[in-house]
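To start, the structure itself, in structure tokens.
The values are calculated or read from the model by the stated rules, or taken from the named source; none is laboratory data. Being a predicted model, the structure only gives us computed values, none of them experimental. Every residue, glycine among them, receives a Cβ derived from its backbone with ideal geometry; neighbour counts consider all protein chains shown.
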């Protein structure tokens, strides 16, 4: 009776997801996995008692696979999501939904053509208890009219091969989604400003950067992005309303006092900070899928985030702000 | 391949546990439930797709039940645990392990006679990330020698029929276990002192109370207990070492600023504060049981907590401190 | 032996300063006061035992006045400071140093021509224990290379007649000075961006605004400015370095827990937040003056802040950033 | 017109007080100093422009001395205060008021016989903004009925020659006064319990200790006392009421984030923590004296604190609690 899930991609995140689905998510089982790295896929399959597929399409169309999790490289996402839609199977696709704006639009068009929602994009922060509390506070009208959003996104490091544009398409994209979601508003323009380059900045990276985004209703959202910051992984969000603030706090549970200081730990990476958020996201996806519904970020959200992220990447080299152009929103997305 | 679990008792906690096991715990399924309230048990069984048993012993001895969760009234615990031991089935028993010291000792004796561990007592705080971090901080030697422990346990209310002794055996027993666990030390004496009675105190309750416990190594643990405190459910713990402090912090994730105040929410009850801790506990129990091991509080821990709690209840009416006498610890418990 | 001080201007701030100098500042006495409002000046003079002068110049040149505090309207500042320089008397001038860039430059030129420093500009935040600790943290190299500065400056209200430009020249000017001082760096360009207008914004005010300033070394400083924000007076500062953060914290000394919330008070205005900072500033000015030295913001600092503030006011209506042009810094200012 | 003050005792605290009075307290001047260490007194007198007296009585009766600050050794306090009363001069006496209960009672009797108040005892915490806010919160009825008070008083070290009893009469006496003052209530019994001795405890000291005091209205106040605690000087206070808490917070103004930790400084001693509190106390004493009134702790408060402190010292060696017996409170003290 458990949802039989197929996992595409068995890299770090795919393996995490598959392991969680197999061990700590209720109502779920991992039926099959696929990766171009056959050995890696095989090892995972063996460990969690799943079958290994030879091809993504085989897994997607496997009659014993009820739903699909996509954790393959970003360039493969759009085709795999399209195949899931074609197969009529619910799919949780890690961000980004697609590596180009056109591909993201194709996914939206395909799902809209199908006429029912199957796709959830893995913007896990929407399931983080802190962000949920911020959204609830806004939605309840407790801070009045949202006027400004302050975000910080500092990474201890980024992988080799990380390009300057990826600071927008891979890192800042989380804030793009969360700002849209918190405010229930579209982003219409984006500007990128550089901070002073520090000694740890990697060749080819603008680091740090400050991104300014304006929404359709005029809210100004600013995001500080640092790619290489030794002190820790630091993510923050504060929404300034006409009558109050909603502030995401660091989720500390313990503090220590020693040798002249009272201190709390700063997370060493996204896994420490958002590990449990991924669990909540997977559990919510499984429960919703079993109930025949879809929660979380939609294909439209994935598309819009992609458009804004690419505009932000274009804005990295521009003196002025860059406008955001979206296709018409299909009625399927409300 | 999932662990097939039988749940005894379908009151508030039993229903919570059964629902969680059926929906948000990996590797688990609920095979059967039992409650003296047949209608209530039947309704739950129907909702989660389990069978309803006519008797606790039937459930325990059901060949399709691999492991048992006991959430029945405290007076039934000891007999049910003993039946699980007799049946050779792993069991997670909500605290208390037994309603009398003698019954708790019988459970220890039975498990010791069996020669292998089957029993986990539901002291869920041992799985709370905050308490785990406090323990890790102590165990790593970061605060030096533990000298004093400060605890606070304030409830918004207690159920009708709650006796004065239950402030020790039902409420403060959590601190008894957590102090023993944090320090890896036995409690040898206990004293209870009254605070000033406030306007909300219920007839027959000493409220508030301050409990002072001394451990074998001389650590002084003090616990403020309030049974009826309208502002919120407030649980705290700070361990004072010779070289530092480990402080359990309130697990806030958001704050708000409005009309002159910056504030964070105080939980409205144990379910808000420890709801996710129960999930972690259940998941850990399921994973350990599937792996053939036992984690968490043992029958010995349940026995020791019972002895101390009853000594504390005796100390409520006494001018002096009351000593704690434990039976010899069977080698099974290390 | 106490410093005999003359106070120009007996409005709210002048009265505060005179009263503090007469009662809670060591080494000081108020010898004379002047205000165009004769009754108001007379009343204060009577209350603190000072003489009332008929004209500002009379007070400045009074042989029984050793030093002058200027708290008159901003348009009078430059002439009064120039008169103090001409008289060779130490002067503490409330910000702004002058109401025009040219006037500020004249003050700098006059003091430079004199060849010794007499002027302190009343940027009191330089004496706030929090800002001092932030500066010390940076100066000690503990956060590495400063890269970005985040500031917030929210007011509960502004006086009638407050213009849109004054959001820069009167409010944000505090951040202009503090950023220059914290970083020991000049600001070279400024840009102003609007946030979403809220329901409390006053006609004619861009409210809220986000100001982006770049320093000579490339540090990006951003300041959120709100003129009318009912929840409270909220001033913040965080300096992001390559190896750490220095964060100005809200100076709370007490918290309360009631009816479901743990909270601390947000100041209701600058007097609550910076009242003691003014005392420290006045005490430091008196002590330095008695010792024949000058501390705090110099005439040059007052000039530079004026230039940047006027550039920021120009940037309010501009699409692009506005450059800042300073005259050559006289050697007197190091 | 400034208050002409004589300072008795020019050790660390006397020198601090005299220097503050001479430099950073409004309305005050130091006219004379005395110390048995002639060289030390002479050096201070020279530095701050005061005369040096050959004897305490000479200073007290000096016609050019309007008021006296006593910072001599505790054993000299009572006689010096009595001489001030005999001379009709206002006096601020550092705690303790007297080194014996009988001497303290003699001071009370002498002032009562005089029929007007001259004596303030230097319990400076009554002027600390944090404690003041705690008291205001209680007095406003915001936390309902006070039921329990939790205090912590941890020192980094104590001077050579510090006896075990002094943990009560010199250290814990601050909490005795503050509890009496916060609750406007007398302490009627005291009990002392030992914590586990740590590796830094000095020979002859019970360290740490937990002191339990009960007030006339039944409030239970507990104080953790540590004499030698390397991490820092840590003073706390929380008052638990039937409807809320008032919590003294650590007065941080800045935090830093580096290498995996977000931290704030723990004070290294009472001077860091309460330095400004002493300034506020001295300023309030000067202002009140100039106005012909008395604020702060009275001779009665000094007497009551002495009685409780000596009872606490007696309780260090006792198994049971020790009762507190006060003389009848003269009407002079309200």
**Q.** Selection within the range D:229-246 - surrounded by 22 or more Cβ atoms within 10 Å (Cβ to Cβ) and more than 9 Å from chain B (Cβ to nearest Cβ)
**A.** D:232, D:235, D:237, D:239, D:246
Q: Using the structure shown, decide if residue B:216 is surrounded by fewer than 18 Cβ atoms within 10 Å (Cβ to Cβ) and at pLDDT below 95.
A: no
(Q) Going residue by residue through the range D:218-228, is there one that turns out to be over 30 Å from residue C:131 (Cα atoms) and free of Cβ contacts under 8 Å to residues at least 40 places away in the same chain? (A) yes
Q) If you scan the range B:30-46, which residues turn out to be within 23 Å of the chain's Cα centre (by Cα) and closer than 26 Å to residue A:29 by Cβ? A) B:30, B:33
(Q) Among the residues of the range B:142-164, are any surrounded by fewer than 17 Cβ atoms within 10 Å (Cβ to Cβ), within 14 Å of chain A (Cβ to nearest Cβ) and either more than 20 Å from residue D:242 (Cα to Cα) or free of Cβ contacts under 8 Å to residues at least 12 places away in the same chain (or both)? (A) yes
Q: Specify which of the listed residues (A:226, A:176, A:187) is under 20 Å from the mean Cα position of the chain (by Cα), at the interface with chain C (Cβ under 9 Å from one of its Cβ atoms) and crowded, with 20+ Cβ neighbours inside 10 Å.
A: A:226
**Q.** Every pair of residues 6+ apart whose Cβ atoms lie under 7 Å, when the first sits in the range C:190-202 and is more than 8 Å from chain A (Cβ to nearest Cβ) and in contact (Cβ under 8 Å) with a residue 12 or more places away in the chain while the second is surrounded by fewer than 18 Cβ atoms within 10 Å (Cβ to Cβ) and assigned to a loop (DSSP other than H, G, I, E, B)
**A.** none
Q) Yes or no: residue D:154 over 18 Å from the mean Cα position of the chain (by Cα) and either at pLDDT 95 or above or within 28 Å of residue D:327 (Cα to Cα) (or both)? A) no
Q | Test set (1) surrounded by fewer than 23 Cβ atoms within 10 Å (Cβ to Cβ); (2) touching a helix residue (DSSP H, G or I) at 6+ places or on another chain (Cβ under 9 Å) - residue D:197 fails condition number | A | (2)
Q) For residue D:82, all conditions in the list (1) within 24 Å of residue D:292 (Cα to Cα); (2) touching a strand residue (DSSP E or B) at 6+ places or on another chain (Cβ under 9 Å) hold save one; what is the number of the exception? A) (2)
Q | Among residues of the range B:249-305, those that are assigned to a loop (DSSP other than H, G, I, E, B) and either away from chain C (no Cβ under 14 Å) or closer than 27 Å to residue A:264 by Cβ (or both), counted | A | 17
Q: Taking residue C:326 as meeting all but one of (1) at pLDDT 95 or above; (2) part of a loop (DSSP other than H, G, I, E, B); (3) within 14 Å of chain A (Cβ to nearest Cβ), write down the number of the exception.
A: (3)
Q.
Quick check on this structure: which one of D:286, D:253, D:240, D:294 is in contact with a helix residue (DSSP H, G or I) (Cβ under 9 Å, 6 or more places away or on another chain) and more than 30 Å from residue D:99 (Cβ to Cβ)?
A. D:253
